[in-house]
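Below is one structure, written out as structure tokens; the observations come after it.
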Amino acid sequence: MSQAQVTALLGKPTSQAPFNLEKISAYVMTYPFGQILLQDGRTVAITVADDPSYAGPLGVKLGIQEDSVKAALSAHKERRTGHRDSYDVVVGSSDTRTRDLYDETDHLMIEMAAPNPNDPMAPFNVISITQAGDEGLALLAAITKAKVGGLYPDQHVLNFESVPWST
């Protein structure tokens, strides 16, 4: 979809702005439910981060625990592949333990966070669900790599690990 089609379908966004990351350019449209990322004038990713009624692919919903996400992926008969990025993001005095599960088969990224970063046994809960094309998944991965590389001086990423997975 083009930016004009998104606006015609969803109305005017609450905010919109260009986003530049090293050699990558995108345009971010923010709506009450989340964000839409565009590159070269077309939608590459749609993120739902604030709609408790939304059920994404395989029935994944915001707030469910990581074990439920794994069960949903395993219950589907089609083989899936992807990778999982795990890391801590420190912004000021705030520390968030994060896991980004990339399902490259269904073009999906599920972001999870632990509510208590000081508890290594705290479960991870889904905080956003992103449907993306190949370009969108590449953009999301590039943003994470930029954080790890120190591009954002107000954010520090610790304990980064990226591992492949499959069902």
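Throughout, read-outs are computed from the coordinates displayed, never taken from laboratory work. Remember, it's a predicted structure, so these values are computed and weren't measured experimentally. Positions of Cβ are generated from backbone atoms using ideal geometry, with glycine treated the same way; all protein chains shown enter the neighbour counts.
How large, in Å, is the range 93-155 by the Kirkwood hydrodynamic radius built from its alpha-carbon pairs?
Taking every pair of different Cα atoms in the range 93-155, averaging 1/r and inverting gives 12.9 Å.
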For the pair LEU10 and ASP50, the simple spin-label estimate (label points 7 Å beyond Cα toward Cβ) gives in nm 1.2
Filtering the chain for DSSP H helices with an axial alpha carbon extent of at least 18 Å and a Kyte-Doolittle mean of at least -0.5 returns 134-148
Peptides 99-112, 151-164 ordered by average Cβ neighbours within 10 Å, highest first = 99-112, 151-164
Spelling it out for LEU108: with amide H atoms placed in the peptide plane at 1.01 Å from N, the residues 5 or more places away or on another chain with amide H under 5 Å from its amide H are ASP103, ALA132
Could you state the number of Å between the C-alpha centres of the range 31-102 and the range 150-167?
-> 15
Taking r as the C-beta separation of THR30 and HIS76 and R0 as 41 Å, the FRET efficiency to the nearest 0.05 is 0.85
Of TYR152, SER74, TRP165, whose Cα points farthest to the positive end of the dipole of the chain (charges on the beta-carbon: +1 Lys, Arg; -1 Asp, Glu; origin at the Cα centre)?
-> SER74
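The chain: D in µm²/s via Stokes-Einstein (Kirkwood Rh, Cα pairs, 10 °C, 1.306 mPa s)?
Rounded to a whole number, D works out at 95 µm²/s.
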Tensor-based shape of the range 1-75 (alpha-carbon gyration tensor, a/c under 1.5 rounded, otherwise prolate or oblate) | prolate
